[in-house]
Ligand SMILES: Cc1cc2nc3c(=O)[nH]c(=O)nc-3n(C[C@H](O)[C@H](O)[C@H](O)COP(=O)(O)OP(=O)(O)OC[C@H]3O[C@@H](n4cnc5c(N)ncnc54)[C@H](O)[C@@H]3O)c2cc1C
């Protein structure tokens, strides 16, 4: 009979599990799992990002991966905790080629969720803490080269006389996080950014943009924001932080450098990457190519009937910077997600007369509510409880996507009760609200489509007060010289139209730079295959194509909000490092050729 103390139960369970794994006894391992069970693995067993759902899937994975993974040294890390019927325990372990960490959750003595992730590659651990570099060579040396001289030489050589192992296209926060990880792992990497300065990815966005996520969630790897940093970072401040980051982390970062083309040679296993560097054409030959060109692909241009008749200006939100020139003008903003709301507020603040055209219902949640109820592990309170950002990231990653809807639904039930009055007033103002096809709210929409939600930081009050008008529930029939006629016959005057309808999937950038064929073979990014709107089945259980092997050898995608970028940059960096060092990386269930149709991505 099992000991009832959680720590004893967890220790006994892990001991049995370790014995089963070390003796490759799959049946014995399976006996330790519940019928409904999940195992999410980041690289340690699968060299992939995979969630096995159910005992059959766990068994298949173990049979395929145990011979190479050879897990050992499984040890409980810290004190197990209890939450209702669930015991949660952290553990560490080794595989043949890596050190790993994990979290398992037991219910009624058997495993409900298992999470395993790679922490370090054996023999290639980051040189940190006691292993940090000395930074100086004591003694006398007539050929001494200072740090500045060595750094300058490295910058002069890389991409000119010495080829990088890895090229990252795009130099936003994603590329910088990944570049910093690769730097610590000694992987020669060049980042290509078409903008003039690191940080311009944020500076170039509209004037009033302030991050919607709080500071505790937004740290970059290695250099957290200082304690006095504001809760919400203004975009130019973010730009400056990133510029500092690129410099201090010694990233090899080429500005004014646009990647115009790339092709992979199957024989030599090398990319040919064409770069326009401030007018100079340079060809790079890396072994690995990462697309970090934005969480989304190119802007989706709007096709409005009668656009040629319209006298005013039509612009996409990606080209909207400042509402100043629209003072006193009538503006229609199409698309009622984050950008649509932010642009509407900016226009209103600048004295424009704004109508927000809502094409489909939006999930809205008040920022204050979210901060109180949803950021419990990323907060000042969490830090006081010893939950660092690393711990929080692992905890979040340890929850399989399949079980997220349940907790998100419960969260949204609380939110809807708490803010019932707010939602009622918003609907009374003509604004259409939804909470997703399955009532799971904005977070699931973010994973599934990256669109269709707004974290309210002020626009809703303007809508409720009628200062920003809303037109919802009717499509645009056609444009006229002075505005638009809606399908229900209503005419809306507009001197300018700002389209906030979002972006194409990231893989469309591959079509532009590599080829249509490659993009189609690789397929779209993001989305889980939930079968909800814009996230077509089949169910993947993981985000499509992000941070893991794709159907094109040596082509990777990286991106996401600051938190995803921070955590998964490590996972991607370890895969690149392993390939550089010739570590055997047998990928379990590599991506096939058949990929489902592209989900359209709406507003950011
Ligand atoms: C309005 C808005 C508000 C947002 N608010 C938040 C928030 O609060 N918190 C949060 O975490 N995220 C937020 N995001 C999401 C944010 O954009 C992404 O999280 C983030 O920008 C993604 O970083 P990235 O590095 O992947 O892409 P980006 O920051 O978009 O960087 C991509 C870079 O690639 C460059 N590039 C593209 N093609 C090429 C090429 N061919 N050659 C060279 N360079 C190229 C671009 O110039 C760009 O600098 C917001 C996004 C928008 C649009």
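The values are calculated or read from the model by the stated rules, or taken from the named source; none is laboratory data. Since we're looking at a predicted model, the values are computed, not measured. Note that each Cβ is placed from the backbone with ideal geometry, even for glycine, and that neighbours are counted across all protein chains shown.
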* Among the helices (runs of 4 or more DSSP H) confined wholly to region 395-487, which include 1 or more residues that are under 30 Å from residue 113 (Cβ atoms) and under 22 Å from the mean Cα position of the chain (by Cα)? -> 404-418, 442-448
* Selection count, region 306-321, where residues are over 27 Å from the mean Cα position of the chain (by Cα) and either exposed (fewer than 13 other Cβ atoms within 10 Å of the Cβ) or outside any loop (DSSP other than H, G, I, E, B) (or both) -> 6
* Selection status of residue 324, over 25 Å from the mean Cα position of the chain (by Cα), over 22 Å from residue 488 (Cα atoms) and within 14 Å of the ligand (Cβ to nearest atom) -> no
* To do: Scan region 416-447 for residues that are over 26 Å from residue 471 (Cβ atoms) and either touching a residue at least 12 places away in the same chain (Cβ under 8 Å) or buried (at least 16 other Cβ atoms within 10 Å of the Cβ) (or both) and jot them down.
  => 418, 438, 440, 443, 444, 447
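So that you can scan it fast, the table gives a plain yes or no per residue for (1) within 16 Å of the ligand (Cβ to nearest atom); (2) farther than 18 Å from residue 330 by Cα:
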site	(1), (2)
464	no, yes
480	no, no
484	no, no
490	no, no
494	no, no
500	yes, no
506	yes, yes
* Which of the residues that make up region 521-547 are within 16 Å of the ligand (Cβ to nearest atom), at pLDDT 95 or above and in contact with a strand residue (DSSP E or B) (Cβ under 7 Å, 6 or more places away or on another chain)? -> 545, 546, 547
* **residue 171 being within 10 Å of the ligand (Cβ to nearest atom) and surrounded by 13 or more Cβ atoms within 10 Å (Cβ to Cβ)** => yes
* To do: Give me a count of the residues in region 277-301 that are in a strand (DSSP E or B) and over 18 Å from residue 201 (Cα atoms).
  => 7
* To do: Considering each of 210, 215 in turn, give the residue that is modelled with pLDDT under 95, out of contact with any helix residue (DSSP H, G or I) (no Cβ under 6 Å at 6 or more places or on another chain) and within 12 Å of the ligand (Cβ to nearest atom).
  => 210
* **Selection status of residue 179, touching a residue at least 40 places away in the same chain (Cβ under 8 Å), near the ligand (Cβ under 9 Å from one of its atoms) and closer than 18 Å to residue 245 by Cα** => no
* Could you identify the single residue in 285, 250 that is in contact (Cβ under 8 Å) with a residue 24 or more places away in the chain, touching a helix residue (DSSP H, G or I) at 6+ places or on another chain (Cβ under 9 Å), surrounded by fewer than 16 Cβ atoms within 10 Å (Cβ to Cβ) and more than 27 Å from residue 316 (Cβ to Cβ)? => 250
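This table checks each residue for (1) within 16 Å of the ligand (Cβ to nearest atom); (2) over 30 Å from residue 302 (Cα atoms); (3) at pLDDT 95 or above; (4) touching a helix residue (DSSP H, G or I) at 6+ places or on another chain (Cβ under 7 Å).
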| position | (1), (2), (3), (4) |
| --- | --- |
| 358 | no, no, yes, no |
| 362 | yes, no, yes, no |
| 367 | yes, no, no, no |
| 371 | yes, yes, no, no |
| 375 | yes, yes, no, yes |
| 400 | no, yes, yes, no |
| 407 | no, yes, no, no |
| 417 | no, yes, yes, no |
| 428 | no, no, yes, no |
* Looking only at residues in region 121-141 that are touching a residue at least 40 places away in the same chain (Cβ under 8 Å) and touching a strand residue (DSSP E or B) at 6+ places or on another chain (Cβ under 8 Å), which one is farthest from residue 576 (Cα to Cα)? -> 126
* Condition broken by residue 178, with the remaining ones in (1) surrounded by fewer than 21 Cβ atoms within 10 Å (Cβ to Cβ); (2) over 27 Å from residue 340 (Cβ atoms) satisfied -> (1)
* Tell me, please, whether a residue that is outside any loop (DSSP other than H, G, I, E, B), more than 10 Å from the ligand (Cβ to nearest atom) and modelled with pLDDT of 95 or more can be found in region 218-229. => no
* Across region 168-217, which residue is farthest from the chain's Cα centre (by Cα) among those that are closer than 24 Å to residue 375 by Cα and not in a loop (DSSP other than H, G, I, E, B)? -> 210
* Could you tell me which of the residues 112, 47 is farther than 30 Å from residue 180 by Cβ and under 29 Å from the mean Cα position of the chain (by Cα)? => 112
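Residues are listed down the side, and each one gets a yes or a no for (1) closer than 24 Å to residue 359 by Cα; (2) crowded, with 22+ Cβ neighbours inside 10 Å:
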site	(1), (2)
495	yes, no
524	yes, yes
532	yes, no
546	no, yes
564	no, yes
* Asked: Is it fair to say residue 518 is modelled with pLDDT under 95 and more than 13 Å from the chain's Cα centre (by Cα)?
  -> no
